[in-house]
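Here is the structure we will look at.
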Amino acid sequence: MLDLVNISVRVGRKVILEDVTLHQRAGEVLAICGANGAGKSTLLKAILGEVPATGTVRLNGHDVATARPDRLAPLRAVLPQDTEVAFAFTLGEIVAMGREAGDFATSPDIDRAALAAVGLSGRADEDFRTLSGGERQRGQLARALAQVWEPVAPTGPRWLILDEPVASLDLGHQLRVMRLARRFADAGGGVVAVMHDLNLSAMFADRIAFLLDGRLEAEGTPAEVMQAPILERAYGCRITLNATPPQGTWLLPQTCEDLPVRPGVDA
Ligand SMILES: Nc1ncnc2c1ncn2[C@@H]1O[C@H](COP(=O)(O)OP(=O)(O)OP(=O)(O)O)[C@@H](O)[C@H]1O
Ligand SMILES: [Mg+2]
């Protein structure tokens with residue numbers, strides 16, 4: 001279980017998150033959506049205990065503000081939005097860092113399996129910095145997967161915390177990565193993924209939360225929240241939804257024109 005209760009984050013006088021309360025069960029994928037600057041990455045950092053926040057975050061009952069890092073590391077892995085690597089590590093070394101941060105230190109087979117899962121088999125000896133943008137993103141995902149390889153630990157479910165996991169991926173790899181996330185949850189783990197792609201969110205997530213200016217604007221199943229008024233508020237533009245999808249895709253924005261006044265942006 002992941003419980004966020006009354007989470008607020010302020011930097012100086014700037015309010016970045018205000019009073020966000022969310023509860024997520026393991027076995028589910030939660031997509032966090034919303035405009036640039038809405039607070040999505042900050043919310044993930046609050047889940048990880050990486051920003052000073054008021055309120056409470058509990059992961060499997062552990063208060064992340066006070067839990068020992070070595071207790072949390074085997075329980076949750078993160079794919080940050082920005083993943084620059086400054087030194088000349090190989091892809092294999094990056095993935096091994098994830099495995100060693102978890103409790104799989106003696107199982108290098110996991111590295112190979114994680115690389116295979118993201119379509120990077122046979123690439124472990126390459127300098128990470130020479131990989132393409134999408135390959136680096138998938139390599140970092142392999143690192144996170146290797147950290148929480150079994151979706152359920154003896155002490156409880158494990159969690160994947162992903163910030164825009166498909167941002168630089170082609171269509172096929174977007175679907176493969178979302179399927180990985182889905183399978184992780186179906187096997188008993190928990191997934192929280194910041195997403196800009198609403199169709200993928202609707203296809204793969206159990207629940208979607210929309211942030212607007214640091215507040216939780218809406219939260220629910222895709223059918224409950226993929227509605228024009230909610231999306232128009234979240235993104236500040238007029239959106240027409242095509243709600244007659246083929247299998248999988250629920251809703252497709254057809255037009256997107258700026259509203260005269262963009263709620264939450266200009267107001
Ligand atoms: N340490 C900080 N100091 C000042 N402002 C910050 C800080 N961290 C975040 N912010 C501000 O908080 C807002 C939310 O940032 P955040 O990175 O959470 O947005 P986001 O929803 O992830 O956006 P994007 O879709 O562009 O990634 C932004 O306006 C950002 O400038
Ligand atoms: Mg972000």
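Quick note: the coordinates plus some simple rules give every number you see, no bench work behind them. Here the structure is a predicted model, which means the values were calculated and not measured. Virtual Cβ from ideal backbone geometry, glycine too; neighbours counted across all protein chains shown.
Annotations
- Average Cα contact separation per residue, region 9-153, under 8 Å, 6 or more apart, as relative contact order %: 22
- Here the peptides 49-55, 136-142 are ranked by packing, the mean other Cβ count within 10 Å, and the order with the highest first is 136-142, 49-55.
- Overall form of region 31-162 per C-alpha gyration tensor (a/c, 1.5; a/b vs b/c): oblate
- Calculated [θ] (222 nm, deg cm²/dmol) that DSSP helices of n ≥ 4 give over the chain, each run adding -39,500 (n - 2.57): -9000 deg cm²/dmol
- Only alpha carbons enter this Debye calculation for the chain, each as an equal point scatterer, and the log10 of I(q)/I(0) it gives at q = 0.17 Å⁻¹ is -1.36.
- Pair V85, D109: separation of 7 Å Cα→Cβ label points (nm): 2.4
- The relative contact order of region 79-160, computed from alpha carbon pairs under 8 Å that lie at least 6 residues apart in sequence, is 40 percent.
- Take every pair of alpha-carbon atoms less than 8 Å apart whose residues are at least six positions apart; their mean separation over the length of the chain yields a relative contact order of 22 percent.
- Near D206, once Lys and Arg are set to +1 and Asp and Glu to -1 for all other residues with Cβ below 12 Å from its Cβ, the sum equals -1.
- Taking 15 Å as the cut-off, the amide N atoms of region 193-207 that come nearer than this to a point 7 Å along the Cα-to-beta-carbon line of D186 belong to 203-206.
- Gained length - S121 relative to T56, 0.36 nm times residue gap less alpha-carbon distance: 19.4 nm
- Placing unit charges on the Cβ atoms only, positive for Lys and Arg and negative for Asp and Glu, gives the chain a dipole magnitude near 260 debye about its Cα centre.
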